[in-house]
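> To start, I am sharing the structure in question, which I have written as structure tokens.
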Amino acid sequence: MRGKLLQLLMQTSDTFVSGQEISERLGISRTAVWKHIEELRKNGYELEAVPRKGYRLVHTPNHVTKAEIEAVLSTNRLGKNIVYKGEVTSTQALAHDLARSGAEEGTIVVADEQREGKGRLGREWHSPPGTGLWCSLILRPDVPPQNAPQLTLLTAVAVTEAIKEATSIDASIKWPNDILIDQKKTAGILTEMQSEPDRVQAVIIGMGINVNQQMEHFPDELLSVATSLSISSNQQTYSRAQVIAVILQRLEHWYDEYLKNGFTKVKQQWEKLSVTIGKEITATTVQKTIRGVAKGITEDGVLMLRKPDGDIEHIYSADIH
Ligand code: BTN
């Protein structure tokens with residue numbers, strides 16, 4: 001209900017909307033309207049109230065709670081069940097628990113802050129409060145486990161497109177799933193799976209997006225490699241709820257395409273948005289370091305590297321430079 005009220009107040013923020021009209025449009029009593037408005041005020045919303053005119057939304061705090069996201073969400077399935085936590089160990093861990101207890105496809109866990117955010121290859125993911133988007137989406141595609149990495153690439157495409165749509169910033173993808181702006185990382189994706197030998201039960205897609213951080217929010221070791229949407233656009237502030245809503249909308253578009261027609265179009269779009277393909281790179285895997293030219297990705301999202309001797313090496317997991 002708070003999401004619906006917010007949506008109505010946002011739509012009418014250039015004018016006043018009366019308590020009576022809110023009550024009729026949302027099908028709740030005038031007392032309930034008043035209580036919700038008070039609750040919004042307690043949560044940092046500024047609402048002007050004028051007798052006989054009604055309410056007008058003057059200021060929205062940059063929260064990513066269920067109500068804020070629902071107020072701007074336009075998807076049919078993804079994000080229809082939002083689990084919000086102010087603080088959490090990791091949204092990834094919570095999403096795993098929810099998936100194990102049967103949470104429906106499209107459930108998303110969002111937190112304002114993660115105490116132990118996880119990155120790829122066992123790294124830490126810096127997740128301070130009030131600035132970024134830390135979330136984990138549960139999908140249940142009917143595909144064999146070896147196809148699950150395709151969803152990482154699909155997510156990278158969706159996030160890159162959503163950044164462009166929400167902020168007009170051109171971002172690109174570094175294999176497998178780093179989202180870069182001006183060669184610095186602004187978002188990362190961590191895909192994990194719960195599966196039986198021949199069938200995926202759930203794919204947990206963790207997304208970390210640096211949205212409104214300024215340089216001083218990053219620890220020293222990240223200063224030269226990380227950026228945020230705000231830093232990349234002269235300190236503009238973006239609505240985190242709006243950004244996640246657009247991400248979910250792009251994800252739903254590409255996920256529907258994937259389920260209907262397979263990976264081909266996703267792969268084409270990934271290659272178009274990637275900065276890796278065609279470049280001379282160094283890939284550091286757990287066993288070795290290999291140099292070569294990135295020729296493309298396979299149908300499974302594996303990177304194909306042409307080595308100086310002409311042989312093609314398939315890279316499954318690595319850091320690339
Ligand atoms: C990477 O190393 O690039 C992947 C980073 C993924 C971070 C996100 S933040 C939300 C979700 N919860 C986590 O603990 N990690 C992922």
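> Using just the helices of the chain, give the 222 nm mean residue ellipticity in deg cm²/dmol: DSSP H runs with n ≥ 4 each add -39,500 (n - 2.57), and the total is spread over all residues, rounded to 500.
Only helices count here, giving -9500 deg cm²/dmol.
> Can you find, among Pro141, Ala103, Val159, the residue sitting farthest towards the positive end of the charge dipole of segment 1-159, where Lys and Arg contribute +1 and Asp and Glu -1 at Cβ?
Working it through, the farthest residue towards the positive pole turns out to be Ala103.
> Return the sequence-ordered ³J(HN,Hα) values of segment 89-106 in whole Hz as given by the Karplus equation 6.51 cos²θ - 1.76 cosθ + 1.60 applied to θ = phi - 60°, using x for Gly and Pro.
Couplings: 5, 7, 4, 5, 5, 5, 5, 4, 4, 5, 5, 4, 8, x, 4, 6, 4, x Hz.
> Which residues in segment 133-154 have a backbone N closer than 13 Å to a point placed 7 Å from the Cα of Arg115 along the Cα-to-Cβ line?
No residue passes the distance filter.
> Can I ask one more? Please give, to one decimal in nm, the separation of the simple spin-label points placed at Asn76 and His321, each 7 Å out from Cα toward the Cβ.
4.7 nm
> Something else now. Rounded to the nearest whole Å³, what is the per residue volume of the convex hull around the Cα atoms of segment 171-321?
Cα convex hull per residue, to the nearest whole number: 150 Å³.
> Could you derive backbone 3J(HN,Hα) for segment 217-231 from the dihedral phi with the Karplus parameters 6.51, -1.76 and 1.60 (θ = phi - 60°), listing whole Hz in sequence and x where the residue is Gly or Pro?
Rounded to whole hertz, the list is 7, 8, x, 3, 5, 9, 3, 8, 10, 10, 9, 9, 4, 5, 4.
> From zero outward in steps of 20 Å, how is the percent of C-alpha pairs of the chain spread across the bins?
Pair shares across the bins are 30, 54, 14, 2, 0.
> Only bridges whose two residues both fall in segment 79-140 count here: according to DSSP, what percent of them are antiparallel, nearest 5?
Percent antiparallel among DSSP bridges in segment 79-140 is about 40.
> Now for a separate question. Taking only the alpha carbons of segment 180-225, what extent do you get along each of the three principal axes, in Å, biggest first?
So the extents along the principal axes, rounded to whole Å, are 45, 18, 18.
> Further question: Can you give the extra length, in nm with one decimal, that the chain gains between Lys288 and Met1 once fully stretched, where that is 0.36 nm per residue apart less the Cα-Cα distance?
Roughly 97.9 nm would be gained on extension.
> Continuing with this model, one more query. Past 23 Å, Cα to Cα, is the threshold; run Lys80/Lys272; Lys118/Lys164; Lys85/Lys164; Lys164/Lys295; Lys174/Lys272; Lys42/Lys85 against it and keep the listed order. Write down the numbers at each step before the final one.
On the way: Lys80/Lys272 30 Å; Lys118/Lys164 26 Å; Lys85/Lys164 27 Å; Lys164/Lys295 26 Å; Lys174/Lys272 11 Å; Lys42/Lys85 17 Å.
Too far apart for the 23 Å limit: Lys80/Lys272; Lys118/Lys164; Lys85/Lys164; Lys164/Lys295.
> To test your reading of the geometry: what angle, between 0 and 90 degrees and rounded to tens, separates the Cα axis of helix 2-11 from the longest principal axis of the chain?
Orientation of helix 2-11: about 80 degrees from the principal axis.
> How big is the antiparallel share of DSSP beta bridges in segment 95-230, given as a percent to the nearest 5?
Looking only at bridges with both residues in segment 95-230, the antiparallel portion is about 95 percent.
> Angle, helix 264-273 long axis vs. longest principal axis of the chain, Cα atoms, 0 to 90°, nearest 10?
So the inclination is approximately 90 degrees.
> Another question, then. In degrees between 0 and 90, to the nearest 10, how far off the longest principal axis of the chain does helix 240-261 point, with axes built from Cα atoms?
It works out to around 50 degrees.
> Within a Cβ distance under 14 Å of His253, other residues only, what is the Lys/Arg minus Asp/Glu net charge?
Numbers: positive: Arg77, Lys164, Arg250, Lys260, Lys265; negative: Glu161, Glu165, Glu252, Asp256, Glu257.
For residues surrounding His253, the net value is 0.
> Calculate how many DSSP beta bridges within segment 34-119 are antiparallel, expressed in % of all such bridges and rounded to the nearest 5.
If we restrict to bridges inside segment 34-119, about 40 percent are antiparallel.
> So the label point goes 7 Å from the Cα of Trp34 along Cα→C-beta, right? Which residues of segment 1-22 then have their backbone N under 14 Å from it?
Residues passing the 14 Å test: 19-20.
> Find how many whole Å separate the alpha carbon centroid of segment 247-277 from the alpha carbon centroid of segment 59-91.
The distance from the Cα centre of segment 59-91 to that of segment 247-277 comes to 24 Å.
> If you average 1/r over all unlike Cα pairs in segment 23-168 and invert the result, what Kirkwood radius do you get in angstrom?
Final number for the Kirkwood radius of segment 23-168 is 17.9 Å.
> If I take the Cα coordinates of segment 1-54 and project them onto the principal axes, what are the three extents in Å, biggest first?
Principal extents (largest minus smallest coordinate, Cα): 25, 21, 19 Å.
Bear in mind these aren't lab numbers, they're just calculated from the coordinates by the rules spelled out. Please read all numbers here as calculations on a predicted model, not as lab measurements. Heads up, the Cβs are rebuilt from the backbone with ideal geometry, glycines too, and the neighbour counts pull from every protein chain shown.
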